[in-house]
Amino acid sequence: MSDAASTLIEAGARLAAESARYASMGWMRGTSGNLSEVLSWDPLRLAVTASGRDKGELTEHDVVVVDVDGEAVDGGVPSAEAGLHARVAAVSGAGAVVHVHALAPVLAAERWPDGVVLRDLEMLKGFGRAAHDDVVTIPVIPNGQDMAVLGEAFERGFRADTPALLVARHGVYVWGEDLLQARHRLECLEWLLRFATATSMNVVEGSS
Ligand SMILES: [Zn+2]
């Protein structure tokens, strides 16, 4: 097996394990959601979970290599959402991007379509921000099926210190230097958004 092929299978194994974890949490119901890992930067290549598979049952072979536009370079069938993964990686420099259809992010985006504001919560540390006096706004963009349009909206709201994006009535993207950091950020953000929706916490209303 070539080095490139074994590297891809190793990435596929990590993506399958992470997908199974998120599926068990109810965040990748049906065949929803997708995870990716950057394989190379020049040219940009990402390993992305294959489309249309049960995310709790992926194997190391259920992975597709895509380019900067999210197009398959090895003949597999990536999710259309691979285009947004590639855009997020290219803009942020992240080594891994995770996209899940957890409920709390969608409820929060519904409640605060102009952005979800969080502050003064211990779990913000797990998202890479400060627990006190650090106002964090998670951007929200409208849903759509054209990843170029979503990518433009993402880029307009991008801040290097806020590694997450909510897509209204759809789901959440979170990124990090690798799948483990992305996982920790996602798990903490999901908790934060659950807290926000359960308490209707809104720092803008609360502090004005
Ligand atoms: Zn999705």
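Look through Ser24, Ser51 and report the one residue that is surrounded by fewer than 22 Cβ atoms within 10 Å (Cβ to Cβ) and in contact with a Pro (Cβ under 7 Å, 6 or more places away or on another chain).
So the residue among Ser24, Ser51 that is surrounded by fewer than 22 Cβ atoms within 10 Å (Cβ to Cβ) and in contact with a Pro (Cβ under 7 Å, 6 or more places away or on another chain) is Ser51.
Tell me which residues, restricted to region 124-145, are part of a helix (DSSP H, G or I) and surrounded by 17 or more Cβ atoms within 10 Å (Cβ to Cβ).
Listed by number, the residues that qualify are Leu124, Gly126, Phe127.
Does Ala168 fit the bill of being over 30 Å from Ile9 (Cα atoms), touching a residue at least 12 places away in the same chain (Cβ under 8 Å) and surrounded by 15 or more Cβ atoms within 10 Å (Cβ to Cβ)?
Here the answer is yes, as Ala168 does meet what is asked.
Tell me, which strands (runs of 3 or more DSSP E) lie completely within region 1-104 with 3 or more residues that are within 30 Å of Arg159 (Cβ to Cβ), within 15 Å of the ligand (Cβ to nearest atom) and in contact (Cβ under 8 Å) with a residue 60 or more places away in the chain?
In region 1-104, 34-41, 96-100 are the strands (runs of 3 or more DSSP E) which contain 3 or more residues that are within 30 Å of Arg159 (Cβ to Cβ), within 15 Å of the ligand (Cβ to nearest atom) and in contact (Cβ under 8 Å) with a residue 60 or more places away in the chain.
For Val117, all conditions in the list (1) among the β-branched types (Val, Ile, Thr); (2) more than 29 Å from Ala16 (Cα to Cα); (3) buried (at least 23 other Cβ atoms within 10 Å of the Cβ) hold save one; what is the number of the exception?
(3)
How many residues are within 15 Å of the ligand (Cβ to nearest atom) and in a strand (DSSP E or B) if we restrict to region 146-205?
Of the residues in region 146-205, 9 are within 15 Å of the ligand (Cβ to nearest atom) and in a strand (DSSP E or B).
Here, each number is a calculation from the coordinates, and none is a lab measurement. In this text, all values refer to a predicted model and were calculated from it rather than measured experimentally. All Cβ positions, glycine included, derive from the backbone under ideal geometry; neighbour counts span all protein chains shown.
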